[in-house]
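The structure appears below as structure tokens.
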Amino acid sequence: MRFPAVLALVAVMFWQPTDGVAQELQGRNLDELIQSGEVFVESSSLRPYSGPVYRLFEGAEAKIQLRAILKDGLPHGPYEWLYEDGQYRQKGTFNMGEKCGDWLEDGLLAAYPPCRSNLEDRN
């Protein structure tokens, strides 16, 4: 009886999700929130959401399309938008919905006003 339990435990310990997606998912799926203008709100309370968000590409293999942090419903902090091949479509930092610091946008570097000192410039 112990052998199946041990085998199951070993299988769980060594199983790795495709592209490590399960390990990287933090926060809420952006598709579960409602966008009201530029602000993302909770569907149940209609209050602006604060915390990490992600979005996955559609399909059988769950791949991350977007990772960000929202504060009061607006992008605030590190932001990553990816192509299906894993290359960055956009990568940078937001300050309450406004791009700041250095950004990578479709393979080109772009510079925006500096980020506040308490925001980490992600490029």
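For the stretch 73-104, enumerate the residues that are in a strand (DSSP E or B) and farther than 25 Å from residue 51 by Cβ.
Within the stretch 73-104, no residue meets the criteria.
Residue check: is residue 116 outside any strand (DSSP E or B), surrounded by fewer than 16 Cβ atoms within 10 Å (Cβ to Cβ) and among the basic types (Lys, Arg)?
Taking the combined requirement at face value, the residue satisfies it.
Could you grab the pairs with beta carbons closer than 9 Å, sequence gap of 6+ or different chains, first residue in the stretch 42-62 and at positive phi, second one part of a loop (DSSP other than H, G, I, E, B)?
51/26; 51/27; 59/84
Taking the conditions exactly as written (basic (Lys, Arg), surrounded by 16 or more Cβ atoms within 10 Å (Cβ to Cβ) and at pLDDT 95 or above), does residue 67 satisfy them or not?
Considered against the rule, which asks whether it is basic (Lys, Arg), surrounded by 16 or more Cβ atoms within 10 Å (Cβ to Cβ) and at pLDDT 95 or above, residue 67 comes out as yes.
Against the condition without any contact (Cβ under 8 Å) to a residue 24 or more places away in the chain and on the phi > 0 side of the Ramachandran plot, how does residue 73 come out, does it pass?
no
The values are calculated or read from the model by the stated rules, or taken from the named source; none is laboratory data. Everything quoted here is computed from the prediction, not taken from an experiment. Cβ atoms come from the backbone with ideal geometry, glycine included; neighbour counts cover every protein chain shown.
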